[in-house]
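Q: Provided herewith is a single structure, encoded as structure tokens, for subsequent inquiry.
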Amino acid sequence: MVRKFLQISLLMFSVWVGSAAQVMAQSPNIIIILTDDQGYGDVGFNGCTDIPTPNIDRIAGHGVRFTNGYVSFAVCGPSRAGLITGRYQDRFGFGLNPILAPEDPNMGLPLSEETLARVLGRAGYRSMAIGKWHLGAHESLHPLKRGFDEFYGFLSGGHRYFPEEWTLQDLSEIQHQFDGYRTKLLRNYERVEESAYLTDALSREAVEFIGRNPSRPFFLYLAYNAPHTPLQATEKYLSRFAHIKDQKRRTYAAMVSAVDDGVGNVLDRLEMLGLDDNTIVFFLSDNGGPEKTNSSDNGPLRGQKGDLWEGGVRVPFAVQWRGKVPAGMVYERPVISLDIFATAVSQAQAEISADRPLDGVDLIPFLQDGNEAVPHEQLYWRKFKAKNEALVDQSGFKYLVEESGARASLYNLREDIGEQHNLAGQQKRRVRRLRKIYQQWLAELMDPTFMGLSQRKEYYEKMGIERAGE
Ligand code: CA
């Protein structure tokens, strides 16, 4: 009897191990390469001519270039909150850019939300976050507390690039918001001595992480802070751009070029290990370029970082999955960064909670030749404080309220990518219909649960935080 039971148990165990191994073998690795404040026009695959990006272009060449790829917000923090949860961040009160406040457990991604790392971790994935976090600096909001197995980077919203400028041991020493840019980097919870130019260090960590995980599914979140300010580059990269006379643009170009080298190293390592046909690699920027600040270029788009004009939210966006999505495809229907989460969990067959429905879709079926289905009927944006509203529908019409209290405008992005011709006067019924759809979405959102960066004086006063340097 006992023996029989053991035999059956062993049989069941081997069936279970067998099927688990099968699922694991099929689960694709997921890599998200996120840049910071890179303009729509600043990649070769979107027509950039003064900054070659041959490696970033490899992703689009091996896979798909999204001409109408969006992020869910026009500045860093909320855009990342949407990306990492797969949900419009206003559903959980992350409508503002957070203040760097390591004392405050509420200043960041609420614990009620799950990151992609957490969800994939349950499906057997090993995960690492590299670079900029910006989803909370309190210890309870640290990447390792949010589902990542490894972390190398910094918790603040930006960072200086030269190691000799990293003079602060810890966030407890900050006197000013931007002192966070001067901390030593973290490896998991430990401050480390790093000697490389920041972008190179992050690329090195990414390559090493891939090398440590050749035979189990992994999720790599490679969040470069380049080319966000401060504009700082090494001679190695600057020397490539002697032809650019404008100093600011030249340094920006060098920073993008450093990222491009890193992307090349990541792709090379995947190919060397034979992982490239089992790895989905996404590339995108977290918001549009702030053209005046970092000399980025949003190409034909109107507006810049911070705006709900296309220049704020439409970004360079590409994905490769060799053998699974067609090489060299150009995809023009609107897609959004929120789709990355949905794609990853669907392809990994990971389970998500019904309490937190996703706003994205699995993009892979849409990228098969001949599939004319529409990923999204509408995409939405809200800037809470400014009361700005935007909606893009699948046919390319955009409803926009760009200033608080202003009348809605309407653009046909297919014919007017630069948002120059307001059609609201001619198409009142369409405006009314889109407003109604927008308002239904609005009713599902929460007000921000924390004060934003621009309210920091008021915030310090309320919290009794001393920041002598502010
Ligand atoms: Ca950004």
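Q: When you scan segment 118-148, how many residues do you find that are among the small types (Gly, Ala, Ser), outside any loop (DSSP other than H, G, I, E, B) and surrounded by 23 or more Cβ atoms within 10 Å (Cβ to Cβ)? Talk me through it step by step, then tell me what you get.
A: Kept after step one, since they are among the small types (Gly, Ala, Ser), are these residues of segment 118-148: 121, 123-124, 127, 129, 131, 136-137, 140, 147.
Adding the requirement that they be outside any loop (DSSP other than H, G, I, E, B) leaves 121, 127, 129, 131, 136, 140.
Narrowing further to those that are surrounded by 23 or more Cβ atoms within 10 Å (Cβ to Cβ): 127, 129, 131, 136.
Residues in segment 118-148 being among the small types (Gly, Ala, Ser), outside any loop (DSSP other than H, G, I, E, B) and surrounded by 23 or more Cβ atoms within 10 Å (Cβ to Cβ): 4 in total.
Q: Those residues that are over 16 Å from Leu445 (Cβ atoms), over 11 Å from the mean Cα position of the chain (by Cα) and crowded, with 24+ Cβ neighbours inside 10 Å, I need them from segment 76-99; list them, please.
A: If the condition is that a residue be over 16 Å from Leu445 (Cβ atoms), over 11 Å from the mean Cα position of the chain (by Cα) and crowded, with 24+ Cβ neighbours inside 10 Å, then Pro98, Ile99 are the ones that fit.
Q: Say whether the condition of being within 16 Å of the ligand (Cβ to nearest atom) and in a helix (DSSP H, G or I) is met by at least one residue in segment 201-219. Outline the logic, then answer.
A: Within segment 201-219, the first condition is being within 16 Å of the ligand (Cβ to nearest atom), and the residues that meet it are 202.
Add one more test, that the residue is in a helix (DSSP H, G or I), and what stays is 202.
Yes, segment 201-219 contains at least one residue that is within 16 Å of the ligand (Cβ to nearest atom) and in a helix (DSSP H, G or I).
Q: In segment 393-438, which residue that is of a type in the set (Lys, Arg) and in a loop (DSSP other than H, G, I, E, B) is nearest to the chain's Cα centre (by Cα)? Spell out the reasoning first.
A: To start, the set of residues in segment 393-438 that are of a type in the set (Lys, Arg) comprises 398, 407, 414, 428-430, 432-433, 435-436.
Narrowing further to those that are in a loop (DSSP other than H, G, I, E, B): 407, 414.
Values: Arg407: 31, Arg414: 25 Å.
Taking the candidates together, the pick is Arg414.
Q: Could you please find all residues in segment 363-400 being surrounded by fewer than 19 Cβ atoms within 10 Å (Cβ to Cβ), closer than 10 Å to Pro334 by Cβ, out of contact with any His (no Cβ under 9 Å at 6 or more places or on another chain) and of a type outside the set (Asp, Glu)?
A: Selection gives Val374, Gln378, Ser395, Gly396.
Q: Any residue at all in segment 242-251 that's modelled with pLDDT of 95 or more and either within 16 Å of the ligand (Cβ to nearest atom) or crowded, with 23+ Cβ neighbours inside 10 Å (or both)?
A: no
Q: Let me ask you something else. What single numbered condition from (1) away from the ligand (no atom under 16 Å from the Cβ); (2) over 16 Å from Leu220 (Cα atoms); (3) hydroxyl-bearing (Ser, Thr, Tyr); (4) not in a loop (DSSP other than H, G, I, E, B) fails to hold for Ser353?
A: (4)
Q: Ile352 passes all but one of (1) modelled with pLDDT of 95 or more; (2) crowded, with 17+ Cβ neighbours inside 10 Å; which number fails?
A: Of everything listed in (1) modelled with pLDDT of 95 or more; (2) crowded, with 17+ Cβ neighbours inside 10 Å, Ile352 misses just condition (1).
Q: Name the strands (runs of 3 or more DSSP E) wholly inside segment 272-346 in which the number of residues that are within 16 Å of the ligand (Cβ to nearest atom) and open to solvent by less than 10 Å² (accessible area, probe 1.4 Å) is 1 or more. Before you say what the answer is, go through the steps one by one.
A: Values: elements: 279-285, 317-320, 329-331.
In segment 272-346, the matching strands (runs of 3 or more DSSP E) lie at 279-285, 317-320.
For every residue, the table says whether it meets (1) at pLDDT 95 or above; (2) touching a Gly at 6+ places or on another chain (Cβ under 8 Å); (3) within 16 Å of the ligand (Cβ to nearest atom); (4) on the phi > 0 side of the Ramachandran plot.
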position	(1), (2), (3), (4)
Ile33	yes, no, yes, no
Asp36	yes, yes, yes, no
Ile84	yes, no, yes, no
Pro98	yes, yes, yes, no
Pro110	yes, yes, no, no
Glu114	yes, yes, no, no
Gly121	yes, yes, no, no
Gly124	yes, no, no, yes
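Q: Yes or no: segment 93-106 includes at least one residue that is among the aromatic types (Phe, Trp, Tyr), in contact (Cβ under 8 Å) with a residue 40 or more places away in the chain and closer than 30 Å to Glu466 by Cβ. First the steps, then the outcome.
A: First, pick out the residues of segment 93-106 that are among the aromatic types (Phe, Trp, Tyr): 94.
Filter once more, keeping what is in contact (Cβ under 8 Å) with a residue 40 or more places away in the chain: 94.
Remaining after also requiring closer than 30 Å to Glu466 by Cβ: 94.
Taking every residue of segment 93-106 in turn, at least one turns out to be among the aromatic types (Phe, Trp, Tyr), in contact (Cβ under 8 Å) with a residue 40 or more places away in the chain and closer than 30 Å to Glu466 by Cβ.
Q: Out of the residues in segment 442-470 that are within 13 Å of Ala101 (Cα to Cα) and in contact with a helix residue (DSSP H, G or I) (Cβ under 6 Å, 6 or more places away or on another chain), state the one that is surrounded by the most Cβ atoms within 10 Å (Cβ to Cβ).
A: Only one residue tops the list, namely Met451.
For every residue, the table says whether it meets (1) out of contact with any strand residue (DSSP E or B) (no Cβ under 6 Å at 6 or more places or on another chain); (2) not polar (S, T, N, Q).
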residue: Gly299; (1), (2): yes, yes
residue: Glu310; (1), (2): yes, yes
residue: Val313; (1), (2): no, yes
residue: Pro334; (1), (2): no, yes
residue: Ser346; (1), (2): yes, no
residue: Ile352; (1), (2): yes, yes
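The values are calculated or read from the model by the stated rules, or taken from the named source; none is laboratory data. Nothing here was measured: the structure is a model prediction, and the numbers come from that model. Note that each Cβ is placed from the backbone with ideal geometry, even for glycine, and that neighbours are counted across all protein chains shown. The area values use the complete protein model at the heavy-atom level, side chains included, leaving out ligands, DNA and RNA. Shrake-Rupley method; radii C 1.70, N 1.55, O 1.52, S 1.80 Å.
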